[in-house]
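Asks: The structure under discussion is supplied below as structure tokens; questions concerning it will follow.
Laboratory data are not the source of any read-out in this text; all were calculated from the coordinates shown. Treat the numbers as computed from the prediction; the structure is a model and nothing was measured. Cβ: placed from backbone, ideal geometry, glycine included. Neighbour counts: every protein chain shown.
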Amino acid sequence: DQQVKQNSPSLSVQEGRISILNCDYTNSMFDYFLWYKKYPAEGPTFLISISSIKDKNEDGRFTVFLNKSAKHLSLHIVPSQPGDSAVYFCAASALSVSNFGNEKLTFGTGTRLTIIP
Amino acid sequence: GAGVSQSPRYKVAKRGQDVALRCDPISGHVSLFWYQQALGQGPEFLTYFQNEAQLDKSGLPSDRFFAERPEGSVSTLKIQRTQQEDSAVYLCASRGDEKLFFGSGTQLSVL
């Protein structure tokens, strides 16, 4: 049972345009959402996060939008740059019910983003 | 270095062999996590430590998997009698500044 879904395995975007990566979740207990970026042969690196009390969080070229009623979040990258080419993972946790500060994350299967120069 | 360090980087094991994977978290990080990432999948939670205490091992797939962190720093994930389905990348992460910092992982191949 996939609680966090990224339905697009891959996405290609022209350099300078907007990249939009989507993520859906099913567990209504999730209240904290994150995006990680992963280059080959490296571990995932944190990109941006959002709490369920917000519907938008922005950090430079990266913006995450959360639609709680639809259980949907998206990551916007604008403008897209060649260095953004990587696999992007959406992740979620249920902080309000986590024990001992254990914010264990549930990840999606990832979207491979390719920025075309 | 200042990041999470994992060793070995690659491990090839024959089916039935025992393996031990090491994680050196970022110095001072109290929380440590192990994740398993199968090919084409996202990382899946295995276990969580706070200092030396293993507070959550709900993600360990079977009793062949065992993790320890005896002094609250370095952690070892041990897999006994490895099977082909154990082939995956094993990621360690430690938490600081309210973020998880991941190591590069150990890629385990069981033949």
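Asks: Calculate the mean, over all residues of peptide A:87-94, of how many other protein chain Cβ atoms lie within 10 angstrom of the residue's Cβ. Could the numbers behind the result be given before it?
Replies: On the way: counts 1, 0, 3, 1, 3, 0, 2, 0.
Average per residue, whole number: 1.
Asks: A further question follows. If you build the Cα gyration tensor of the protein assembly as shown and take the root of 5 times each eigenvalue, what three semi-axes come out, in whole angstrom, biggest first? It would help to have the intermediate numbers written out before the result.
Replies: Values: eigenvalues 177, 81, 53 Å².
Equivalent ellipsoid semi-axes, largest first: 30, 20, 16 Å.
Asks: Here's something else I'd like to know. For segment B:36-83 and segment A:14-57, what is the separation of their C-alpha centers, rounded to whole Å?
Replies: Answer, in whole Å: 25.
Asks: Which order do peptides B:66-74, B:99-107 fall in by mean Cβ count within 10 Å, highest first? Intermediate values should be presented prior to the final figure.
Replies: Values: B:66-74: 15.1, B:99-107: 20.7.
The densest-packed peptide leads the list: B:99-107, B:66-74.
Asks: Here is a further query. Identify the residues of segment B:73-111 with backbone N under 15 Å of a label point that sits 7 angstrom from the Cα of B:A38 along the Cα-to-Cβ direction, or state none.
Replies: Label zone hits: B:83-90, B:108-110.
Asks: Further, regarding this structure: State the number of lysine pairs found in chain A whose Cα atoms come within less than 15 Å, restricting to pairs 8 or more positions apart or on distinct chains.
Replies: Working: A:K5/A:K68; A:K5/A:K71; A:K54/A:K68; A:K54/A:K71; A:K56/A:K68; A:K56/A:K71.
Eligible lysine pairs with Cα atoms under 15 Å apart amount to 6.
Asks: Can you tell me which of A:F107, A:F46, A:F89 moves the most in a GNM of chain A? Springs connect C-alpha atoms under 10 Å apart.
Replies: Residue with maximal mean-square fluctuation among A:F107, A:F46, A:F89: A:F46.
Asks: Where does the Debye-calculated log10 I(q)/I(0) of chain B sit at q = 0.09, 0.19 Å⁻¹, using only Cα point scatterers of equal weight, no solvent?
Replies: So the normalised log intensities work out to -0.20, -0.92.
Asks: Would you please state which residues of segment B:80-101 a label at B:R9 would reach in this model, taking the label point 7 Å out along Cα→Cβ and a backbone N cut-off of under 17 Å?
Replies: The answer is B:89-92, whose backbone nitrogens lie closer than 17 Å to the label point.
Asks: Can you give the average number of partner chain beta-carbon atoms within 10 Å of each beta-carbon in peptide B:52-65, as a whole number? Let's see the in-between values first.
Replies: Values: counts 0, 1, 0, 4, 5, 0, 2, 1, 0, 0, 0, 0, 0, 0.
Partner Cβ neighbours, averaged per residue: 1.
Asks: For segment B:59-111, what is the Kirkwood hydrodynamic radius in Å, using each pair of distinct C-alpha atoms?
Replies: On the way: mean 1/r = 0.0791 Å⁻¹.
Result for segment B:59-111 stands at 12.6 Å.
Asks: Treat every Asp and Glu Cβ in the protein assembly as shown as -1 and every Lys and Arg Cβ as +1, leave all other atoms uncharged, and give the resulting dipole magnitude about the Cα centre to the nearest 20 debye. Please report the intermediate quantities before stating the final value.
Replies: Values: 23 positive and 22 negative charges, 90 e Å.
The calculated dipole for the protein assembly as shown is roughly 440 debye.
Asks: Rg and Dmax of segment A:4-116 over Cα atoms: what are they, in angstrom?
Replies: Looking at segment A:4-116, its Cα Rg and Dmax stand at 13.7, 44 Å.
Asks: Taking beta carbons within 10 Å but only from partner chains, what does the mean come to for residues B:36-44? If you can, show how the numbers build up before the last one.
Replies: Numbers: counts 0, 6, 1, 0, 3, 5, 16, 10, 4.
For this peptide, the per-residue mean of nearby foreign Cβ atoms is 5.
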